[in-house]
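Readers should treat all values here as calculations from the given coordinates under stated rules, not as data from a laboratory. Please read these numbers as outputs of a predicted model, since none were measured by experiment. Glycine also receives a Cβ, built like all others from the backbone with ideal geometry; neighbour counts cover every protein chain displayed.
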Amino acid sequence: MAFSLNNLNSLISVALQNNASDIHIRSGEPPCLRIRGELVPVKSNKNIEFEDVKDICNIIFPQHELEHFDHIKDLDFVYEIPELCRIRYNFFRYSNKIGLILRLVPMNVPEIDDLNLSPILKSIVTKKRGLILVTGATGSGKSTTLAALINQINETETRHIVTIEDPIEFLHPQKKSRITQREIGTDTEDFTSALRAAMRQDPDVILIGELRDAESISTALKASETGHLVFATVHTTDAIATIGRILSMFPPEELIDVRKRLADSLFATISQRMVKSTKVKRGVVIAQEIMVTNPGVKECIRGEEPMDRIIQIIEKGGTNELGVKCQSFDQNIMELYKKGLITKAEAEKSVRSKSDFVQKLMIE
């Protein structure tokens, strides 16, 4: 019996009702939902067989991909179910089987306040030029935060925003800004040509996705140096790791120049991770470390001061020339606890120093 569109819609509805973030579909296994960070098998559901997965692919794959299905090893794309949700999916082969991971993307673009993110972010996006990096592990909500940042600009500024995405997740409606969303493989051939074209499209803001190598980093720096506000992501856990990762991608003979360019262009790093919560539907909230570059941070990036000094600058709430303030993970976790979004036990598990956290609670 074929796995129909109705079957798929029913499975997705169950996932949404349970506030799941992802659906795992694999040959020979029952589907699983990612709920509050845990994988939970769908109750009363039989195993998904090879042909069932293939039926789902026939529903969600673009026609041009279906034509050579047997040769596809893995694929990232987005499928929309009207009035329900958008799905960012990854198809993969393993051990002569096939599988799908479906990430559920809300139809509505998230807002900073709705995500319980720091109001500092609203000040950060008023910047007219520079590089802003959103960092974190896979599944830490980077795409969601980026969408909220772009939405904040869209609601408050009259700018031209060009996004280069692979694939497009959130669809941004036109508000105060004009938004041009371009998808790799559909609207443009590749990242390099898309960014080259974006520079000729009179942009104010450019979102360029993940910085994976020296070429993409150089391109992002060039875009910010020429007067644009540039957003990108990096798979790193905090500000120091982010700077280290970027510098590690260049040969030693280029490092002096790269350090100077990065110090001049980098405006902020927003590093994040998920913390379990019993107060929000998804069961998790985003905790963030926010580093804004000031003279002290720039000295560290250029190699004039030890990189570890950045930790002290962030923890002391250092500000930049615009008065935008740094925020450590522990400070943000304390705020989430005070708002009642996370328990004391979860806060103590998540902070860098449990003893400092307990001591601050006693003082306050």
**Request:** Can you tell me the relative contact order of the stretch 5-105? Whole percent, Cα pairs under 8 Å, sequence separation 6 or more.
**Result:** 25 percent
**Fill in**
Taking a label point 7 Å from the Cα of residue 17 along Cα-to-Cβ, the residues of the stretch 256-290 whose backbone nitrogen sits under 19 Å from it are 281-283
**Message:** Can you compute the charge dipole magnitude of the chain about its Cα centre, using +1 on each Lys and Arg Cβ and -1 on each Asp and Glu Cβ, nothing else charged? Give it in debye, rounded to the nearest 20.
**Reply:** 1100 debye
**Prompt:** Among 328, 105, 77, whose Cα lies farthest out toward the positive end of the dipole of the chain, if unit charges sit on the beta carbon of Lys, Arg (+1) and Asp, Glu (-1)?
**Reply:** 328
**Prompt:** Which percent of Cα pairs goes in each bin when the distances of the stretch 5-105 are cut into 5 angstrom slices starting at zero?
**Reply:** 3, 13, 26, 27, 20, 9, 3, 0
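If r is the Cβ-Cβ distance from residue 73 to residue 213 and R0 is 30 Å, what FRET efficiency results, to the nearest 0.05?
Values: r = 21 Å, r/R0 = 0.71.
Efficiency computed from Cβ-Cβ geometry: 0.90.
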**Asked** If Lys and Arg each add +1 and Asp and Glu each add -1, what is the summed charge of the other residues whose beta carbon sits under 14 Å from the beta carbon of residue 251?
**Response** -4
**Request:** For the chain, return all DSSP H helices satisfying: extent of Cα atoms along own axis at least 20 Å; mean Kyte-Doolittle hydropathy at least -1.0.
**Result:** 142-156
**Request:** Assuming a ≥ b ≥ c are the square roots of the Cα gyration tensor eigenvalues, decide whether the stretch 150-291 counts as rounded (a/c under 1.5), prolate (otherwise, with a/b larger than b/c) or oblate.
**Result:** oblate
**Prompt:** Taking Cα centroids, how far is the stretch 290-325 from the stretch 127-183 in Å?
**Reply:** 25 Å
**Request:** Rank the residues 184, 56, 256 as a footprinting-exposure proxy: fewest other Cβ atoms within 10 Å of their Cβ go first.
**Result:** 256, 184, 56
**Request:** Using +1 at the Cβ of each Lys and Arg and -1 at the Cβ of each Asp and Glu in the chain, identify which of 42, 274, 163 lies farthest towards the dipole's positive end.
**Result:** 274
**Item:** Hull-based mean projected area of the chain, where the convex hull spans the alpha carbons, in square nanometres
**Value:** 20.1 nm²
**Item:** Charge sum, other residues only, whose C-beta stays under 13 Å from residue 282's C-beta, Lys/Arg counted +1 and Asp/Glu -1
**Value:** +3
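How high is the relative contact order of the stretch 68-146, in percent, with contacts defined as C-alpha pairs under 8 Å that are six or more residues apart?
Details: 75 pairs, mean separation 13.6, N = 79.
Reported relative contact order: 17 percent.
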**Asked** In what order do 280, 162 fall by count of nearby beta-carbon atoms within 10 Å, going from fewest to most?
**Response** 280, 162
**Asked** Label points 7 Å out from Cα along the Cβ direction at residue 83 and residue 46: separation in nm?
**Response** 3.0 nm
**Request:** Find out how many positive minus negative residues lie around residue 92, taking Lys and Arg as positive, Asp and Glu as negative, among other residues whose Cβ is under 11 Å from that of residue 92.
**Result:** +2
**Item:** Residue-averaged [θ]222 nm for the chain, counting only DSSP H segments that reach four residues, each worth -39500 (n - 2.57)
**Value:** -10500 deg cm²/dmol
**Prompt:** Expressed in nm², what is the orientationally averaged projection area of the convex hull enclosing the Cα positions of the stretch 219-364?
**Reply:** 10.1 nm²
**Asked** What is the Cα centroid distance between the stretch 231-254 and the stretch 82-106, reported in whole angstrom?
**Response** 30 Å
**Fill in**
Note on the chain, DSSP bridge orientation, antiparallel percent to nearest 5 equals 60 percent
**Nearby lysines by direct alpha-carbon distance to residue 279 (threshold 29 angstrom, same-chain neighbours under 8 apart not counted)** = 43, 122, 142, 325, 338, 339, 344, 349, 354, 360
**Item:** Percent RCO, i.e. relative contact order, over the stretch 120-363, from Cα pairs under 8 Å lying at least 6 residues apart
**Value:** 19 percent
